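Each remark here refers to the structure printed beneath this line.
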Amino acid sequence: MTQETAEHVAAMLRNARGEKGWTQGQLAAELGTSQSAVARMEQGKQNLSLKMIQRLETIFDRTIVNVAKPQMTHLRVEGGRTLSGAVDVNSSKNAGVALLCASLINRGTTVLRRLARIEEVNRIVEVLTSIGVECTWLNDTDLRLRRPAVLDLDAMDVDAARRTRSVIMLLGPLLDESGKYRLPYAGGCDLGTRTVEPHMQALREFDLSVEATAGFYTVQAPPADSRDRSFVLTERGDTVTENAIMAAAHRAGTTVIRNASPNYMVQDLCFYLQMLGVSIEGVGTTTLKITGQPKIEAEIEYFPSEDPIEAMSLITAGIVTNSEVTVRRVPIEFMEIELASLGQMGQQLEISGEYKARNGRTRLVDVTTKPSVLRAPEDKIHPMPFPGLNIDNLPFFAVIAANAHGQTMIHDWVYENRAIYLTELNRLGAQVQLLDPHRIYVNGPTKWRAAEVGCPPALRPAACILLAMLAARGVSELRNIYVIERGYEDLAERLNTIGAKVEYFQD
């Protein structure tokens, strides 16, 4: 940014802030930065990234820097570099989204500490704000939520809701709303047919009526009751379980949910609800017994635990670049199968002693990758519900298997399209053979080569391509990375802290 441009931006910011009647501190809270940083921006002394300029343009609804640029953001990767150092795992995206939805159950104030600042979280915050929830960023990662006595569901931000699959998780928290309301169809990753019927089956147990109409679900909220109920989920899905838990949390009776997911985001949700006074037995098992509270008004702060999927992403970065990297704050309970599978492939890992996460419940370790010679596993690699290998960690084994000697079968039985997206690794020199929409063979080892690749519309395959680019000598480009920003907070910058060279750019 030239000095002339910086001074222009400074003047624009001062004027825009003045029109809103905000102090520098209020703008800093909206941006998730410090007041001193805002002061430097308004003096023309702060270098602004494209991402910061876009955030300012969104806040003030105006063009800050008038340059001809498309909205798509890309990554340029200088690969073939050896990584080193240590990096912390951020809090869980999936837990954060569930906790945002669950905050509607609390008529008091919820403060979520160290919340991931990702696009998926931003979209849910936009939805909550639009229906009347007061959402205030206290700093870069802490969010305070205060819901009004009556939510304005007719004012819901439909565009924001359609850009996230998580909007379906509002049905459980909104169980006690009176009358009818509409909820937009959910969006998110393109992973083929992912039916919402399991959600509907679970919520019908609470007498919630949902009718699919053109582009919306028309919802009839049930009358309050204090009945005991017991049911089995036909699908042990994470979000289905969370929706059922949130519905049960503000029903006065006792609900028994069988075949519930005990996965990491479900446990985080349960820990939060227990702090609100909801009795939940069986956390971490497939049978939950929940005695709800029909009226909850609490002042509470909660720390979401660390993300095992991000942990696997960072560990994969160390493995594919054959580097010694320490990934700190790894939630070991949700990574044991993955780490054992890596050990069977010959990957050397150093694992520290355990310590507790900030929520006081989740067990953490530090994991250090060592340069290793990998071999293909004797059996196929496939996911299973927790405590098996996590479905969202499965794609990373495609990149890792590409570095291993021999042939690996990866069976992604949950999603019918995701295996197809992993064939994009072939553009970088991998040998991935598609057997059917669920299975691939990966032949290694790979001599990675730089390439330009369009970002697939699914989060984890997109991250896999970025990680493979770290290993490919030369300069690669990953085009249109919105899907990565949906699920990772500043992944490129954090990879750079351990020796990668990744930069954002726009055409």
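The values are calculated or read from the model by the stated rules, or taken from the named source; none is laboratory data. Being a predicted model, the structure only gives us computed values, none of them experimental. So basically every Cβ, Gly included, is an ideal-geometry build from the backbone, and we count neighbours across all protein chains shown. Surface accessibility is based on the protein's heavy atoms, side chains included, excluding ligands, DNA and RNA. Shrake-Rupley method; radii C 1.70, N 1.55, O 1.52, S 1.80 Å.
Side notes on the structure shown:
- Sequence ranges 144-156, 373-385, 419-431, ranked by mean other-Cβ count within 10 angstrom, highest first: 419-431, 373-385, 144-156
- Straight-distance candidates among the aspartates and glutamates for linking to residue 380, with alpha-carbon spacing under 20 Å and chain neighbours fewer than 8 residues away dropped: 336, 338, 392, 412, 416, 436.
- Between residue 76 and residue 210, the distance separating the two model label sites (each 7 Å from Cα on the Cα→Cβ line) works out to 4.5 nm.
- Put a plus charge on the Cβ of each Lys and Arg, a minus charge on the Cβ of each Asp and Glu, and nothing anywhere else: the dipole of the chain about its Cα centre is then about 460 debye.
- In terms of the mean number of neighbouring beta-carbon atoms within 10 Å, the peptides 396-408, 110-122, 9-21 order highest first as 396-408, 110-122, 9-21.
- Solvent-accessible surface ranking, highest first, for 62, 486 at 1.4 angstrom: 62, 486
- Bridgeable aspartates and glutamates around residue 501 (alpha carbons under 15 Å apart, same-chain partners fewer than 8 residues away excluded): 78, 477, 490, 493.
- Extension gain for residue 447-residue 235 works out to 72.3 nm (0.36 nm per residue, less the C-alpha to C-alpha distance).
- Residues of the chain: accessible area per residue with a 1.4 Å probe, Å²: 39 Å²
- Cβ crowding within 10 Å averaged over residues, with 158-171, 204-217 ranked highest first: 158-171, 204-217
- Protein accessible area in the chain, 1.4 Å probe - carbon and sulfur %: 45 percent
- For the pair segment 401-439 and segment 200-275, the centres of their Cα atoms are 35 angstrom apart.
- Three-way shape call for segment 377-496 based on the alpha-carbon gyration tensor, with the a/c threshold at 1.5: oblate
- Helix-only [θ]222 nm of the chain, DSSP H runs n ≥ 4, -39500 (n - 2.57) each, per residue, nearest 500: -9500 deg cm²/dmol
- Compactness of segment 92-185, taken as the C-alpha radius of gyration over 2.2 N^0.38 Å, stands at 0.99.
- Where labels lie 7 Å past Cα in the beta-carbon direction, separation of residue 436 and residue 224 in nm: 5.2 nm
- Listed values (1) 24.3; (2) 22.9; (3) 26.4, entry calculated as mean projected area of the Cα convex hull in nm²: (2)
- Spin-label pair residue 141-residue 322: with each label point 7 Å from Cα along the Cα-Cβ axis, the two points sit 3.4 nm from one another.
- Counting every pair of alpha carbons in segment 297-382, the share spaced more than 18 Å apart comes to 46 percent.
- Hz values of 3J(HN,Hα) by residue in segment 406-418 - Karplus curve (6.51, -1.76, 1.60), Gly and Pro given as x: x, 10, 10, 9, 10, 10, 9, 6, 7, 10, 8, 10, 5
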